[in-house]
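Before any comments, here is the structure.
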Amino acid sequence: MRRSNVFTVVSAASVVLATSIPHLAIASDQSEDIVVIGSATPIERSTLGSSISVLDTVAIDNLGIKYAADLLRHIPGLAVSRSGGQGGLTQVRMRGAESNHVLVLIDGIEVAAAGRGEFDFASLLSADIESIEVLRGPQSGLYGSNATAGVISITTKGAKPGGQFTLSSEVGSSDSRQLAVSMAGGDDITSGRLNVSYRESEFDTSSDDSVIDDEDDKDRALAITASAKWSPSRYVSFDANARYSDNDTETDGYDSTGGPLQGLPFDDKSYSKDTDFSIGLNTHIALLDGKSLTKFSLASTVNETEGFDATYDSMSGSESSRVAYSAQTTWVFGANSAMENRATVFAQREEETYRNTEPSSPTQIPEQERNLTGLGLEHRAEILDSVFLSSIVRHDDNDAFEDVITYSTSIAYRIKQSGTRLHTSYGTGVTNPSFFQQFGFDPGSFKGNSELKPEKSRGWDVGVEQRLFDDSVIVDITYFQATLEDEITHFYDLADSMSTSVNAEDNSKREGVELSASYASDIGLSIDGSYTYSHSTEDGDREVRRPLHIASVSTAYRFFNDKAKVALNYIYNGEMLDSDYRNYFTNGYVAEKTELSSYRVINLNGDFQVNENLQLFVRVDNVLDEDYEEVIGYQTPGVGYFTGFILSIQ
């Protein structure tokens, strides 16, 4: 195992940190920011009854973390698993649910590929992110399918008044190189921004138990984001944003033939290419001094994949798309009175397509499409600026499977005198079957199941937030429960040697506790921490890749007139299970569950503002050189050293 000589000393310090986490426990936000999720219109965070966490620009900068997925490790309720190093499949699970039960929005656009139904965080960098908002609990009443466990909303950086030019570069371990350029400009009426980034690295992801050749896998990623806004009057505004990503990753082979490496990855010449393009257009109309708010939106996402499996000398590929049209109108009654009411009516039309671009035989189904239409209503009431009520109901008309009705309700009670906020919510969620599960594009080995029902979830939470010492300390504790019905699982039929998907008869249950706390001083010191206990079962057995215990601590200190910063962040991931296919055939086509050990990772970073234009930074990832796996058979990077600069001109 890779361990530095100082492991014993630092590990002892890690134990002290781990045992003190419930007392530090990570936090909510220090300010009463406006959030864009949780309601049809932006609202104050403290008025939400649902459980929410926000990472703003300052928090993201303090963490000094390269990848968005690793930022999410510092938010309670989230579990992240990466298949090896950079570029490996990276999944995020919320409150013990599956990764496709989490709806991911970037600038308001659903970005999961329509064919997969889940978003791969592998190549999403943090440098262009303005903020991340995480809403926990079933949210399909407002967002429709895939918001079964919650929503992650990512907002990229926008233009500021005037003009800006930024150039940044980073080099480091694993032959890592990164270059990014952004340009922005505008005024209060018209503004726009363009960002282009390129990153590449090399890393051997196969574990020592499975590797045949010691071969590094290269990963290359190009990302382009653009945004524009035009506000010709106080009544009307238009905005648009687009995102393009092109990822090229050398991958490992996987033995599923019953050979000596059955159920394990190994080095070969396999590769995958993934291209995503999304665009969103919005029109905002505000009338009657803001008492009537209307929004029209068009969003489109296109995904193309290509893969080569060197083990079987075969190609695979697909194209999928999603186009969503939506409209909503909000009326405000009794504004600035003892009881303010907001009513929103919203409608959405969504069209999805999927096409197999590399069929291996004429029997493979080439293309399918499906549509849904959703109608909903939200009502919000604010009483005496202390009690905040929300109710949402939605009906989805699906042309490919049964229609569903989802809903949610929440209450927040704010006691300003004591700095206390009580919050509770209840909701239902739904996740539609993926194209592959429903249609099965390879009749020779996998049968689609047209009788599949959408997965359904119901869940509730209750918590209390307490602010202390003039809001310099914020602590929140939340308890949650959820039940998943009709979970879609894999089934292998021995009679015809075919695989398919079926709805499970037993429910999947999960419950847990989320703790968060933060401290911000007036001398430049900030400390944040989080702890999550999550117990998720299916038919009484623990689910895979869901640690019982997850914790984090981060601290940053700014000094020298705010020109310098040093920061440390700590991650603890408890033991968890993973599916083990090494004895799949001898066990009668049944996978075992193998325990993956707990691990602790410490990262360090610092920066120095040389002048108003130039910043230098350094980062050390995995200081302890911890050796661990998040997915069986895939090793993770050891200690890594990185340095770079950011040049900004305004």
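The values are calculated or read from the model by the stated rules, or taken from the named source; none is laboratory data. The structure displayed is predicted, hence computed values, not measured ones. So basically every Cβ, Gly included, is an ideal-geometry build from the backbone, and we count neighbours across all protein chains shown.
Residues that are under 26 Å from residue 175 (Cα atoms) and modelled with pLDDT of 95 or more: does the stretch 252-266 have at least one?
No, the stretch 252-266 contains no residue that is under 26 Å from residue 175 (Cα atoms) and modelled with pLDDT of 95 or more.
Can you say whether residue 75 is surrounded by fewer than 20 Cβ atoms within 10 Å (Cβ to Cβ), out of contact with any Phe, Trp or Tyr (no Cβ under 6 Å at 6 or more places or on another chain) and not acidic (Asp, Glu), as far as the supplied structure shows?
For residue 75, the condition - surrounded by fewer than 20 Cβ atoms within 10 Å (Cβ to Cβ), out of contact with any Phe, Trp or Tyr (no Cβ under 6 Å at 6 or more places or on another chain) and not acidic (Asp, Glu) - is not met.
Which residues, taken from the stretch 390-399, are farther than 19 Å from residue 503 by Cα and surrounded by 18 or more Cβ atoms within 10 Å (Cβ to Cβ)?
390, 392, 394, 396
Those residues that are among the hydroxyl-bearing types (Ser, Thr, Tyr) and closer than 30 Å to residue 544 by Cβ, I need them from the stretch 597-650; list them, please.
597, 598, 599, 628, 634, 636
Quick one: which residue in 343, 324, 347 is in contact with an Asp or Glu (Cβ under 9 Å, 6 or more places away or on another chain), surrounded by fewer than 19 Cβ atoms within 10 Å (Cβ to Cβ) and either touching a residue at least 24 places away in the same chain (Cβ under 8 Å) or within 29 Å of residue 461 (Cβ to Cβ) (or both)?
Every option except 343 fails the conditions.
Restricting to strands (runs of 3 or more DSSP E) lying wholly in the stretch 420-513: which have 1 or more residues that are free of Cβ contacts under 8 Å to residues at least 24 places away in the same chain and more than 24 Å from the chain's Cα centre (by Cα)?
Output list reads 488-493.
Just checking, how many residues over the stretch 47-68 are outside any loop (DSSP other than H, G, I, E, B) and over 18 Å from residue 639 (Cα atoms)?
13
Can you tell me which residues in the stretch 72-88 are of a type in the set (A, V, I, L, M, F, W, C), assigned to a strand (DSSP E or B) and either out of contact with any helix residue (DSSP H, G or I) (no Cβ under 8 Å at 6 or more places or on another chain) or closer than 23 Å to residue 252 by Cβ (or both)?
Listed by number, the residues that qualify are 79, 80.
Looking at the stretch 231-265, which of its residues are assigned to a loop (DSSP other than H, G, I, E, B), closer than 30 Å to residue 588 by Cα and over 23 Å from the mean Cα position of the chain (by Cα)?
252, 255, 256, 257, 258, 259, 260, 261, 262, 263, 264
Working only within the stretch 234-257, note down all residues that are surrounded by fewer than 18 Cβ atoms within 10 Å (Cβ to Cβ) and either more than 30 Å from residue 291 (Cβ to Cβ) or in contact with a Phe, Trp or Tyr (Cβ under 8 Å, 6 or more places away or on another chain) (or both).
Residues satisfying the conditions are 237, 238, 244, 246, 256, 257.
Run residue 453 past the list (1) of a type in the set (Lys, Arg); (2) within 22 Å of residue 504 (Cβ to Cβ); (3) surrounded by 21 or more Cβ atoms within 10 Å (Cβ to Cβ) and report the number of the one that doesn't hold.
(3)
Just give me the residues in the stretch 78-89 being crowded, with 24+ Cβ neighbours inside 10 Å and modelled with pLDDT of 95 or more, in sequence order.
Hits for the stretch 78-89 are 78, 79, 81.
Could you tell me which residue of the stretch 457-481 is nearest to residue 143 (Cα to Cα), considering only residues that are surrounded by fewer than 21 Cβ atoms within 10 Å (Cβ to Cβ) and charged (D, E, K, R)?
That would be 458.
How about the stretch 279-319: which of its residues are surrounded by fewer than 17 Cβ atoms within 10 Å (Cβ to Cβ), part of a strand (DSSP E or B) and among the small types (Gly, Ala, Ser)?
292, 314, 317
Anything in the stretch 489-523 that is over 20 Å from residue 441 (Cα atoms), of a type in the set (Ser, Thr, Tyr) and crowded, with 19+ Cβ neighbours inside 10 Å? List them, or say none.
Those that are over 20 Å from residue 441 (Cα atoms), of a type in the set (Ser, Thr, Tyr) and crowded, with 19+ Cβ neighbours inside 10 Å: 508, 516, 518, 519.
Which numbered condition in (1) part of a loop (DSSP other than H, G, I, E, B); (2) farther than 25 Å from residue 401 by Cβ; (3) in contact (Cβ under 8 Å) with a residue 40 or more places away in the chain is the only one that residue 364 fails?
(2)
Suppose we filter 639, 601, 631 for residues that are closer than 25 Å to residue 74 by Cα, of a type in the set (A, V, I, L, M, F, W, C) and surrounded by fewer than 20 Cβ atoms within 10 Å (Cβ to Cβ); which single one remains?
On inspection, the qualifying residue turns out to be 639.
Enumerate the strands (runs of 3 or more DSSP E) found wholly within the stretch 109-175, keeping only those where 3 or more residues are at negative phi, touching a residue at least 12 places away in the same chain (Cβ under 8 Å) and crowded, with 22+ Cβ neighbours inside 10 Å.
Filter on the stretch 109-175 gives 129-136, 150-156.
Going residue by residue through the stretch 158-167, is there one that turns out to be closer than 30 Å to residue 328 by Cβ and out of contact with any strand residue (DSSP E or B) (no Cβ under 6 Å at 6 or more places or on another chain)?
There is at least one residue in the stretch 158-167 that is closer than 30 Å to residue 328 by Cβ and out of contact with any strand residue (DSSP E or B) (no Cβ under 6 Å at 6 or more places or on another chain).
With within 17 Å of residue 435 (Cα to Cα), surrounded by fewer than 19 Cβ atoms within 10 Å (Cβ to Cβ) and in contact (Cβ under 8 Å) with a residue 24 or more places away in the chain as the only criterion, which of 352, 402, 369 stands out?
402
Can you report the number of residues in the stretch 176-193 which are of a type in the set (S, T, N, Q), in contact (Cβ under 8 Å) with a residue 40 or more places away in the chain and under 30 Å from residue 235 (Cβ atoms)?
1
Suppose the filter is surrounded by fewer than 19 Cβ atoms within 10 Å (Cβ to Cβ), hydroxyl-bearing (Ser, Thr, Tyr) and under 20 Å from the mean Cα position of the chain (by Cα); does residue 557 pass it?
No.
Return the residues of the stretch 538-558 that are in contact (Cβ under 8 Å) with a residue 40 or more places away in the chain and in a loop (DSSP other than H, G, I, E, B); say none if nothing qualifies.
Across the stretch 538-558, the qualifying residues are 543, 544, 545, 546, 547.
Cβ contacts < 7 Å: first residue touching a residue at least 60 places away in the same chain (Cβ under 8 Å) and closer than 12 Å to residue 142 by Cβ, restricted to the stretch 385-398; second residue among the polar types (S, T, N, Q) and part of a strand (DSSP E or B), any location; separation 6+ or different chain. Result?
Every condition considered, the pairs that remain are 390/409; 390/410; 392/408; 394/406.
If we scan the stretch 82-91, do we find a residue that is in contact with a Gly (Cβ under 7 Å, 6 or more places away or on another chain) and within 25 Å of residue 601 (Cα to Cα)?
yes
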